[in-house]
Amino acid sequence: MAEEKSYNPSTVLCAVDFSAESRLALKYAGLGAKLYGARLIVLHAQRFELPAYFTPDQIETLTKQLDSARAGAEDLLRQYSRSALGPLADSLPTTYKVVDQHPVDAILETTGGEGANLVVLGTHGRGGAKRLWLGSVAENVATHSEVPVFVVRQKEHDFIDIANPESPLRLRTIIAPVDFSETSRAALRVSASIAERFEAKVLPVCVVRQDAASDLRRSEAMLKEWLGQVHAARCIVEPVTRVGHAAEQIISLINETNADLAVVGAENSRSSGHPLLGRTTKLVLRQAPVPVLVVPPGT
């Protein structure tokens with residue numbers, strides 16, 4: 001079996017909105033960039049629409065004011081980043097960008113234009129009104145991104161020391177849902193590569209629906225056979241099979257094992273050619289008590 005390629009991001013893009021959630025994301029992005037020897041891009045995007053009733057003179061005046069404000073925003077972005085990263089900021093090759101664009105479009109375009117191969121985002125709570133802005137940005141980016149998207153939120157189990165981003169990682173257990181698709185193949189490959197690098201273990205989990213519980217043993221055999229075909233990383237792999245609702249069982253396993261990270265796949269759409277988030281991936285992304293890495297096909 002050919003050796004699976006390692007996942008080694010060379011450029012990390014972190015989008016921030018100056019919230020506590022994006023400050024947390026920036027800490028992860030900074031440490032990730034340091035550990036992988038990657039370049040860090042810190043991006044802030046905010047779309048400003050000029051009122052249709054403005055006169056040309058008003059538009060010219062306001063445009064100049066916006067240009068001045070954008071320069072000030074870049075200085076603020078630098079200060080914000082240095083405050084979040086502390087001494088780590090001095091050791092990273094970092095680019096700061098402020099753009100007048102919708103956040104989702106800005107993140108996706110900057111990812112492609114700068115050759116980023118990892119996007120890091122913060123998101124708000126697990127549901128309700130708070131998820132509508134930052135949460136929708138994170139989901140939309142994860143839905144359409146051609147590179148992995150790492151999503152974190154506050155009040156969760158973290159695998160870095162938030163108070164000291166320079167401290168070593170405490171990444172020990174990775175949950176990787178498997179449904180025998182090319183999507184989960186990519187997610188498992190990335191999981192194994194990360195686990196090998198940080199001496200962690202991977203728990204590939206296959207969930208069988210309640211109405212198909214009689215197929216559990218067959219699924220266990222398929223999982224073992226599939227793992228033998230898919231992964232060749234030098235890390236500990238402990239396959240798990242469960243019966244029930246997929247997202248619920250995945251979240252339950254994360255809590256039971258005190259896992260540090262969930263790595264899930266983004267489904268592929270044959271009609272549009274763009275990645276899509278399946279129902280299980282969406283629910284895990286919204287509800288997981290740990291950071292979630294969303295991996296598109298072909299990673």
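Listed values, structure above:
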{"item": "Additional length obtainable on full extension of the chain from LYS224 to ARG279, 0.36 nm per residue less Cα span", "result": "17.3 nm"}
{"item": "Under 5 Å, built H, 5+ apart or other chain: amide partners of ALA15", "result": "LEU43, VAL120"}
{"item": "Inter-probe distance in nm under a simple model that places probes 7 Å from Cα toward Cβ, at GLN79 and ASN8", "result": "3.9"}
{"item": "Relative packing of peptides 157-169, 22-34, 93-105, 254-266 - highest average C-beta neighbours within 10 Å first", "result": "22-34, 254-266, 93-105, 157-169"}
{"item": "Förster radius 51 Å - calculated FRET efficiency between GLU114 and ARG209 (Cβ-Cβ, nearest 0.05)", "result": "0.75"}
{"item": "Counted charge near LEU85, where neighbours are those whose Cβ lies closer than 12 Å (Asp, Glu -1; Lys, Arg +1)", "result": "+3"}
{"item": "Derived scalar couplings ³J(HN,Hα) [the stretch 75-82; Karplus, 6.51 cos²θ - 1.76 cosθ + 1.60; whole Hz; x for Gly, Pro]", "result": "4, 5, 5, 4, 5, 4, 5, 5"}
{"item": "Theoretical gain in end-to-end length, ALA163 to VAL243 [0.36 nm per residue, Cα-Cα removed]", "result": "24.9 nm"}
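Throughout, read-outs are computed from the coordinates displayed, never taken from laboratory work. Everything quoted here is computed from the prediction, not taken from an experiment. Here the Cβ is made from the backbone with ideal geometry for all residues, glycine too, and neighbour counts use every protein chain on show.
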